[in-house]
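Below you'll find the structure, written out as structure tokens, and then a few comments.
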Amino acid sequence: MMKRRIGLFFSLALGLLAILPLLNIAHSGLSRETFTQPRTLYRLDPVIPYLSQWLLPLGVSPFAEQVVVGQQGWLFLGDRYAHTLSAKRQPALPAQVAPSAAALTQWRRYVQQRGVMDMYLMIGPDKGSVYSHRLPRWATPQPPSHAALLAASPFGHRVVNPTAALQAQRDRAEDDLYYRTDTHWNALGAWQAFDTLMAQLQAHHPTLRHPLQARYTGTVPTDGGDLADFLRLGAHLVDKEPQLALNATAQVRQYRWPENTLVAEGGPGRIGTQREPLRVVSDNAANPLRVLWLRDSFGTALAPYMALTFAETLQLDYDRTPPARFAELVEGFTPDLVIITAVERNLRNDFFSALPPSSAILDTHSLGALLGSQ
């Protein structure tokens, strides 16, 4: 079997070299450059979309470090980004999680000392953690995951890990929970995760209200996502966009903070990752609370649900929030809650092991003592 695959690879490579000049001529036409610089006949850029389209049905990615081809047309992120695959092919170790658990515990104490009600970490599971049965067999994750160990750590009672809930819904949901050609969850997957978040918040803070309901109404086609773009197939691959009808709406205004400059207004819609603080104000939220929401792109599909649940959120990419800035946001915005939403593969980022300013002098021994005291 392996010899057959190797033979197929070399046959494809030789075939590509043979037809590459013709494809370049068909794409760019004949010019003086064609004859004076023959190497232009072997440029790959114009033919990468064709190459990707040919290789995809064979389960081959021309950019394997960026995209891995799974089963039944599912695409997954490659190892170039946070070693997404290789890191999860080995069981995570408690020692790898300990610095983050200690730092997050310190941050929770820090914000509570400044009047914040509570602090939570909400994990956005990697697509491969939820749809592991669509990965190539060689890429199957090995338990325990970093996310699972963090949820079992001393800070675990404030970790929202919706992986199990999404896995349970995966086969009985009305539609896919993640895009097949993108790294992110879609509106349906984000809703299931948000429902898990609110259940955990209410368990600790019973006065919080969660009347929001979502009803699946169907799906519409959409262009391929970020993984399709890596293969230069964003305009060629079609994905699905589940449609949800919510039982509430609101007028939402977005302001650049702290300048208080109006950026946009309208209904509760998606909001991309923010490089500078964005204050989002809703006039019909279920809870009159202010939330400091440090997030990444997994917060984009969550944004409508957050706007309908909390009166104000201050949103910023956590990768742009070093400890000093985190502390400034807590002091300046005076939130009632702090919620951090992070994709699973980024849990090893330095942000999660960075200590608050008053704890910066703690050394490794102190961190171990802190963990042991929980």
Can you find a residue in the range 128-141 that is surrounded by fewer than 19 Cβ atoms within 10 Å (Cβ to Cβ), under 21 Å from Pro356 (Cα atoms) and in the same structural domain as Arg290 (by TED's automatic domain parsing)? no
Evaluation of Pro62 against (1) touching a Ser or Thr at 6+ places or on another chain (Cβ under 8 Å); (2) over 30 Å from Ser11 (Cα atoms); (3) touching a residue at least 40 places away in the same chain (Cβ under 8 Å); (4) not aliphatic (A, V, I, L, M) (one fails), failing number: (2)
What pairs can you find where one residue is in the range 79-97 and within 14 Å of Ser129 (Cα to Cα), the other is charged (D, E, K, R) and surrounded by 14 or more Cβ atoms within 10 Å (Cβ to Cβ), and their Cβ atoms are less than 7 Å apart, with a gap of 6+ or different chains? Thr84/Asp126; Thr84/Arg345; Leu85/Asp79; Ser86/Asp79
Assess whether Asp317 counts as being modelled with pLDDT of 95 or more, more than 21 Å from Met198 (Cα to Cα) and under 24 Å from the mean Cα position of the chain (by Cα). yes
Output the residues belonging to the range 170-186 that are surrounded by fewer than 23 Cβ atoms within 10 Å (Cβ to Cβ) and over 18 Å from Ala342 (Cβ atoms). Arg170, Asp171, Arg172, Ala173, Glu174, Asp175, Asp176
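Run down Gln192, Gln200, Gln167 and say which single residue is assigned to a helix (DSSP H, G or I) and surrounded by fewer than 17 Cβ atoms within 10 Å (Cβ to Cβ).
Gln167
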Yes/no for Met117 being in contact with a helix residue (DSSP H, G or I) (Cβ under 7 Å, 6 or more places away or on another chain) and outside the structural domain of Trp54 (by TED's automatic domain parsing): no
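The values are calculated or read from the model by the stated rules, or taken from the named source; none is laboratory data. Keep in mind it's a predicted model, so treat the numbers as computed, not measured. Note: ideal-geometry Cβ built from the backbone for every residue, glycine included; neighbour counts use all protein chains shown.
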